[in-house]
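Each remark here refers to the structure printed beneath this line.
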Amino acid sequence: MKKNLSYMDSVHRDGRIWNIGVMILLLMFPVTVAFIFGASPDWMALLKGLIATAPMYWAVGVIETITFVPMLGAGGSYLSFVTGNISNLKLPCAINALEQNQVSASSEEGELISTIAIATSSIVTTVIIILGVVLIVPLTPILEAPVLEPAFAQMLPALFGGLGVAFVSKNWKIAVAPVLLMLVLFIFVPALNEGTVGIMVPVSVLFTIAVARILYKKGVV
Amino acid sequence: MEFYVNHPLLFILAGVLVAVVLAQSVYFLVKAVRRSKVIGMDQTKIRKTIQTAAVFTVAPAVAIVISVIALSKSLGLPLPWLRLSVVGSLSYETIAAENAVSAMDLTLGKIDALTAQQYVNIVLVMTVSIMVGIWLVPVIGKKLLSGMSNLEHKDGKWAEILNNAMFIGMISAFLGYVFCNISRLWLADESGMVTVEESGQVLRLPGTSGLVPVCVMAVSALTMVLCGLGMKKWKWLNDYALPISLVVGMASAIPFTAWLG
């Protein structure tokens, strides 16, 4: 007898199949290249390269998974962790969609809205990159024009200005403490910059949850 | 077969993977839209969500294309195309590639032509080091999310506050980041200049350059507020408020950078 799966169960089942499938295919890429061109890896150098790179990114990856999954929802998580660019594209896109539709992220409507926003964003991104690859010769001088460089260098401030004002103003009681803490840390700790902002996201999320919990217990929010 | 970084076979291999990832996105989109019909959600809202997400994605996606072009100079086109379509980012791929080649006593950007062996090493380091999310979501995703939905049943109000708190936490970190170079204002020497190291290069910049992201953020926030005011008259503004703020903010970076450095 076929088991009757709920929608969420089927998202998890399909997501697992897709993600594990993509992971195997991703690993097949270097294996196939090695096989076709008759080149085995330089094992010692590979080990050294991995030791220099993997531990830090694995640790970050574990923390990112725990932090982002509850925000992205089920369908959104499976997709986002395959297509990447989570904090600078997929999550803002989902947050904006939830906000516009006035639905809570933890409801089924919220799950569907965020999956739809993230899937659309993934499709558009993939297609634009394909166009970029096909048209790289005519596009390179335009996209690398010095006049445009500052615009793309300042994408994150331009994104979080708009997103921040919408979200912070609606939840200002919760937002005051984390915004102040992050301002002080980023202004006075030189090590905090574009490269380390990703590590500060989980720190800030945990701190904000703690603040929100205290305010909730005191009946302020 | 002789290897080179733009070999047609590499394009085919990368293309197959990109096609699979595209198929996954389409699959989840169709699945979610179907479900939204079953539970009776307003389909005009669904269409608007799709339109807004698509428009919003254009500028960030173009930024990703720029990263592909930057990386293609040392790694050829197929690998950056694949890496930035699946998981990666410019800074991560650069670090991974540098670590992979320096383990072979070479320096990225100073190699005339990568050999197949060097290429395989680079790809393996890039792929293995960033793999965590892809398999960890299938392992713990369901548990994490059912924990969230249990909470929703137990204390719905707290569950909603918790969700908002997570979003605010993430946004706060990025708002802090916008101010990370403001200390250049008081670190500048008598000539008003400051020496900084950016992506391995030593640069002399005006002390006021740290204000550029702050001004860009302010313009973007102001645009968002104006869209909020204007949407009483023009309803469509509500749908495109975020992409409009993003593009206006990015455009304002051009005069701000020319002015402040």
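The values are calculated or read from the model by the stated rules, or taken from the named source; none is laboratory data. What you are looking at is a predicted structure, and each value in this text was computed from that prediction instead of being measured. In this analysis, Cβ positions are derived from the backbone assuming ideal geometry, glycine residues included, and neighbour counts consider all displayed protein chains. Keep in mind that these areas ignore ligands, DNA and RNA; they rest on the heavy atoms of the full protein, side chains included. Shrake-Rupley method; radii C 1.70, N 1.55, O 1.52, S 1.80 Å.
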Item to check | Residue in segment A:119-139 that is closer than 22 Å to B:Ala258 by Cα, within 7 Å of chain B (Cβ to nearest Cβ) and of a type in the set (A, V, I, L, M, F, W, C) present | outcome: no
Next on the checklist: Under 6 Å between Cβ atoms, which residue pairs at least 6 apart in sequence (or on different chains) link something in segment A:186-206 that is more than 7 Å from every other protein chain (Cβ to nearest Cβ) with a partner that is open to solvent by less than 70 Å² (accessible area, probe 1.4 Å) and of a type outside the set (D, E, K, R)?
Outcome noted: A:Pro202/A:Thr67
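Picking from A:Ser107, A:Ser114, A:Ser87, which residue would you name as being open to solvent by 10 Å² or more (accessible area, probe 1.4 Å), of a type in the set (Ser, Thr, Tyr) and closer than 13 Å to B:Phe167 by Cβ? If you could, list the steps in order and put the result at the bottom.
Details: A:Ser107 fails: closer than 13 Å to B:Phe167 by Cβ; A:Ser114 fails: open to solvent by 10 Å² or more (accessible area, probe 1.4 Å).
None of the others qualify; the one that does is A:Ser87.
Given the residues A:Ala177, A:Ala166, A:Ala191, which is the only one that is at pLDDT below 95, open to solvent by 10 Å² or more (accessible area, probe 1.4 Å) and in a helix (DSSP H, G or I)? Give the derivation first.
On the way: A:Ala177 fails: at pLDDT below 95; A:Ala191 fails: in a helix (DSSP H, G or I).
Checking each option against the conditions leaves just A:Ala166.
Of the residues that sit in segment B:51-89 and are of a type outside the set (Ser, Thr, Tyr) and assigned to a loop (DSSP other than H, G, I, E, B), which one is nearest to the other protein chains (Cβ to nearest Cβ)? Please lay out each step first, then the result.
Narrowing segment B:51-89 to residues of a type outside the set (Ser, Thr, Tyr): B:51, B:53-56, B:58-66, B:68-71, B:73, B:75-84, B:86-88.
Filter once more, so that each one left must be assigned to a loop (DSSP other than H, G, I, E, B): B:76-77, B:86-88.
Numbers: B:Gly76: 11, B:Leu77: 6, B:Val86: 6, B:Val87: 4, B:Gly88: 6 Å.
Out of the qualifying residues, it is B:Val87.
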Checklist outcome for this item: Checked B:Met131, B:Met126, B:Met148 against criteria (surrounded by 23 or more Cβ atoms within 10 Å (Cβ to Cβ), under 29 Å from B:Gln24 (Cα atoms) and of a type in the set (A, V, I, L, M)); the one match is B:Met126
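Of the residues that sit in segment A:207-221 and are touching a residue at least 12 places away in the same chain (Cβ under 8 Å) and not in a helix (DSSP H, G or I), which one is surrounded by the most Cβ atoms within 10 Å (Cβ to Cβ)? Don't jump to the end; show me each part of the working.
At the first step, the residues of segment A:207-221 found to be touching a residue at least 12 places away in the same chain (Cβ under 8 Å) are A:207-208, A:211-212, A:215, A:220-221.
Then drop every residue that is not not in a helix (DSSP H, G or I), which leaves A:220-221.
Values: A:Val220: 10, A:Val221: 18.
For segment A:207-221, the residue satisfying everything is A:Val221.
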Item to check | Members of segment A:61-72 that are more than 7 Å from chain B (Cβ to nearest Cβ) and surrounded by 19 or more Cβ atoms within 10 Å (Cβ to Cβ) | outcome: A:Thr67, A:Phe68, A:Leu72
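Residues A:Ser77, A:Ser107, A:Ser114: which one is of a type outside the set (A, V, I, L, M) and within 7 Å of chain B (Cβ to nearest Cβ)? So that I can check it myself, show each step before the final result.
On the way: A:Ser107 fails: within 7 Å of chain B (Cβ to nearest Cβ); A:Ser114 fails: within 7 Å of chain B (Cβ to nearest Cβ).
The conditions single out A:Ser77.
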Next on the checklist: Please determine whether any residue of segment B:110-120 is of a type in the set (S, T, N, Q), part of a helix (DSSP H, G or I) and surrounded by 24 or more Cβ atoms within 10 Å (Cβ to Cβ).
Outcome noted: no
